[in-house]
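Following: one structure in structure tokens, then a few remarks.
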Amino acid sequence: MLSPMAPVPARLHYGWIVAGVTFLVLLVGAGVRATPGVLIVPWEREFGWSTATISGGIALNIFLYGMIGPFAVAIIERFGLRRSVCTTLVVLAVGTAATVLMREVWQMVLLWGLVVGAGTGMVANVLGATIAARWFGRHRGLVVGLLTASAATGQLIFLPVLAHLAEGQGWRSVALTVALAALALVPLVAWLMRDRPSDLGLPRFGETTVQPAPKGEINPARRALQGLATGLRSRDFWLLSGTFFICGASTNGLIGTHLIPACIDRGIPAVTAASVLALMGLCDLVGTTASGWLTDRYDPRRLLAWYYGLRGLSLMFLPYSFDFSVYGLSLFAVFYGLDWIATVPPTVSLAGKVFGEENAALMFGWIAAAHQIGAASAAWAAGAVRTGTGDYFSAFVSAGLLCLAAAMMALFVGTRPREPVPVAA
């Protein structure tokens with residue numbers, strides 16, 4: 001029998017349940033976002049579209065994925081997490097399912113570019129930053145790392161399966177699979193998602209005081225644009241946006257979109273190439289989670305410098321890794337994968353230091369928009385390079401050099417104690 005003084009096990013804070021549901025949403029969103037990388041070659045074969053043409057639609061997808069971010073934060077603030085996420089998942093399900101009927105380039109651009117791009121932008125890393133800020137007063141960097149890692153896990157789960165489906169059942173089965181995955185999450189989000197800890201009478205994890213929800217109506221467009229206006233006056237905003245532009249150009253814009261076609265060019269089957277991406281995703285699950293833990297403890301500027309420097313070296317190695325077939329690619333996948341999106345936790349941390357923790361998610365949304373502009377630019381440019389030269393060599397080496405420049409830029413982001421720059425609500 002327990003004595004009266006025996007400790008009572010602490011109840012699981014509901015923030016961890018919200019974080020778990022968000023992990024699944026971000027996982028599926030990442031899977032949907034990564035799907036076009038599997039479909040480039042099947043679309044070329046069926047419709048006769050060039051890589052450059054398809055890359056234009058994918059570039060729009062990536063561009064909107066980023067540009068929606070700051071508006072997504074403001075929309076969530078105005079309409080609530082549960083309603084916003086459920087609506088987005090339905091839009092993604094409808095948009096991806098409708099692509100099985102497309103026949104023309106404009107339909108690909110409209111559905112995969114506009115609809116899916118905007119939908120995945122609502123369930124991107126800014127959602128994870130919002131959850132971390134609202135629900136966690138302690139271990140925030142770790143939570144951001146875990147939620148960011150869901151993008152890598154999305155690749156890990158989806159890409160090999162989708163590549164196998166594309167080869168065996170055709171690309172339309174791929175579109176329907178990701179549509180069903182998005183739709184299946186709607187009941188779970190409606191059941192378990194909550195907007196704020198105060199809705200349940202709880203403080204944030206690690207705190208003892210319940211923070212009341214902000215009062216008053218918020219115009220999403222005005223809130224987002226005020227954040228942008230504040231950022232444009234900040235030197236640190238330009239530095240963070242510049243490094244994140246290069247981050248996007250060197251990750252989902254280049255590798256996430258074009259690694260599979262690059263492997264096919266070298267005689268490596270699509271399923272094998274997708275498995276390399278999945279290995280990369282598994283490594284990033286470890287790397288990004290570790291990055292969140294490190295961000296809670298070390299200078300995020302120095303972390304960013306290391307991440308970008310190592311990524312640059314790995315990208316310059318990539319063209320030569322094909323000479324060693326799958327073994328060289330596997331080495332690249334492990335080295336590069338540990339660093340895939342490890343940049344997110346320190347970037348979110350720096351945004352909070354500069355603009356105040358209450359504005360971290362919104363300002364990170366604009367910084368992430370620069371990430372996706374870089375990704376969209378690289379997705380289109382790499383496709384144009386392949387169409388013009390027949391391979392991706394110049395694209396990979398150029399991205400590596402840009403990463404080395406980003407490593408230097410990160411060191412100039414100020415982290416001295418300062419009064420947060422105000423962002424009007």
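Restricting the search to helices (runs of 4 or more DSSP H) fully inside region 1-114 and requiring at least 2 residues that are open to solvent by less than 20 Å² (accessible area, probe 1.4 Å) and touching a residue at least 40 places away in the same chain (Cβ under 8 Å) gives 14-34, 36-47, 51-79, 81-98. Just give me the residues in region 336-379 being farther than 16 Å from A407 by Cα, among the β-branched types (V, I, T) and open to solvent by 10 Å² or more (accessible area, probe 1.4 Å), in sequence order. Of everything in region 336-379, those that are farther than 16 Å from A407 by Cα, among the β-branched types (V, I, T) and open to solvent by 10 Å² or more (accessible area, probe 1.4 Å) turn out to be V348, I373. Please tell me if T272 is among the hydroxyl-bearing types (S, T, Y) and at pLDDT below 85. Judged against the criteria, T272 is a match.
Only a single item in (1) under 17 Å from V348 (Cβ atoms); (2) buried (at least 19 other Cβ atoms within 10 Å of the Cβ) is not met by D296, and it is number (2).
Within region 120-142, is there a residue that is free of Cβ contacts under 8 Å to residues at least 60 places away in the same chain, open to solvent by 40 Å² or more (accessible area, probe 1.4 Å) and either assigned to a helix (DSSP H, G or I) or over 22 Å from D296 (Cα atoms) (or both)? No, because not a single residue in region 120-142 is free of Cβ contacts under 8 Å to residues at least 60 places away in the same chain, open to solvent by 40 Å² or more (accessible area, probe 1.4 Å) and either assigned to a helix (DSSP H, G or I) or over 22 Å from D296 (Cα atoms) (or both). Mind checking whether some residue in region 165-179 is closer than 30 Å to G383 by Cβ, open to solvent by 20 Å² or more (accessible area, probe 1.4 Å) and modelled with pLDDT under 85? Yes - at least one qualifying residue is present in region 165-179. Residue under question is A382, and the condition is that it be part of a helix (DSSP H, G or I), in contact with a helix residue (DSSP H, G or I) (Cβ under 9 Å, 6 or more places away or on another chain), open to solvent by less than 10 Å² (accessible area, probe 1.4 Å) and aliphatic (A, V, I, L, M); does it hold? Taking the combined requirement at face value, the residue satisfies it.
The values are calculated or read from the model by the stated rules, or taken from the named source; none is laboratory data. These numbers were taken from a predicted model, which means no experiment stands behind them. Because the Cβ atoms are built from the backbone with ideal geometry, glycine has one as well, and the counts that use them run over all protein chains shown. The area values use the complete protein model at the heavy-atom level, side chains included, leaving out ligands, DNA and RNA. Shrake-Rupley method; radii C 1.70, N 1.55, O 1.52, S 1.80 Å.
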